[in-house]
Every structure is written in structure tokens, then in C-alpha cells.
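Just below is one structure, and these are the notes that go with it.
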Amino acid sequence: MAAHRQVLLFLAVVFAVASLASATEWKVGDDGGWRAQFNKTGWADGKTFRVGDTLLFKYIKGNHTVIQVGKEDFAACNVKTNNKLGAWSSGNDVVPLDKPGKMWFFCSINDHCNNGMKLVINVVGDGAAPAPAPVQPAPPPSSAPVMGYTAGAAVAVAGAVVAVVLAF
């Protein structure tokens, strides 16, 4: 019976750790999506993007694009065929965050980038602690990740499993 409890407790801990480590899909711009003057919204402020997460860019196909470029091209809103690190235009674009470091995105339609339709994020790697974020008021509920488990949910599930184990 004791061995049975130990196995169940071990599985509960493994489940809790796996839940905490799960990737998050971030809906860029929350309910407003990827839109004109996006850079003025401060959407990325206070968020921690991690390797394995994804960005979901939602917009009306044909009205916008998502282009990934380097820092200099981002600053200048410079889009050339040979400077794109990535390009999406489906209106439902999922961009994997597959390595740590800064990532720069903008819309290549007309003057959208020059009018603020751009985004820069910092992706932290495995085990890397993010830089401390400035103290800000809590974001509205719509800025929560679209998918993925929260730490609170993982702790609640692990606690429930432990309670069941201890009840035996």
C-alpha cells in the first residue's frame, strides 16, 4: 500500500511540473488582434515570452501581414525580399518562439509599420530568468494567455491528486 501511494505521489509531482512547463499561445493584441497603431498599445509590456511558446496573429486576411526582420530593418520599417526572417499573411498566423532573444515583427502593407503596426518581444530560454519587469497595474483579464496551463491550475491539480493519494 505504501508503494502504491509513493507511485501516485510521484505521478502527481510529474504532472504538476509538466503542467508548469507547458507552452503558452499568446494572442497578439488580445481581443483587438493585430491592428493599426498596434505599437501604441503596450501589449507586450510585462509579459514573459519563453522558448516553446507561440504568437497568434489574428487579422483580416489581405488587410495586414506579419513580417519578421532584424533590429535595423524593424527600426526603419524596411521590408525587402532578402531581409525577411519570416513572413505570414493568412490572418490566423502562428509563429513559434523557438530560440531566446529579441524578435521584431511588423506589417508590410502600405505605411502600416510607419504608423505603428509593429511589435518587438524578448524570448527567454530554458531555465533563463527574465529581467525584472517594471511594476505595473494588473492587466485586464483579456490579456491572459489564450492557451496553456497556469501555475495556479497546475498547483490545484497536483493538490487534488495528493489529496486523493493520502485518502488511500
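The values are calculated or read from the model by the stated rules, or taken from the named source; none is laboratory data. Just so you know, these numbers come straight off a predicted model, no measurement behind them. Please note: Cβ atoms are built from the backbone with ideal geometry, for glycine as well, and neighbour counts cover all protein chains shown. Calculation scope for accessible area: heavy atoms of the full protein, side chains included, ligands and nucleic acids excluded. Shrake-Rupley method; radii C 1.70, N 1.55, O 1.52, S 1.80 Å.
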- Message: Under the 0.36 nm per residue contour assumption, what length would be gained going from the current alpha-carbon distance of Glu25 and Lys99 to full extension?
- Response: 25.1 nm
- Kindly report the accessible area of the stretch 22-124 per residue (heavy atoms of protein chains, probe 1.4 Å, no ligands, DNA or RNA), in Å². 50 Å²
- At Ala87 and Ile60, where each label point lies 7 Å from the Cα along Cα→Cβ, what is the point-to-point distance in nanometres? 2.3 nm
- Item | Directionally averaged shadow of the stretch 22-124, computed from the convex hull of its alpha-carbon atoms, nm² | 6.1 nm²
- Item | Extension reserve of the Asn115-Thr48 stretch, reckoned as 0.36 nm per residue once the Cα distance is removed | 21.6 nm
- Mind giving me the nanometre distance, one decimal, between the label points for Ala36 and Asn78, set 7 Å out from Cα along Cα→Cβ? 2.7 nm
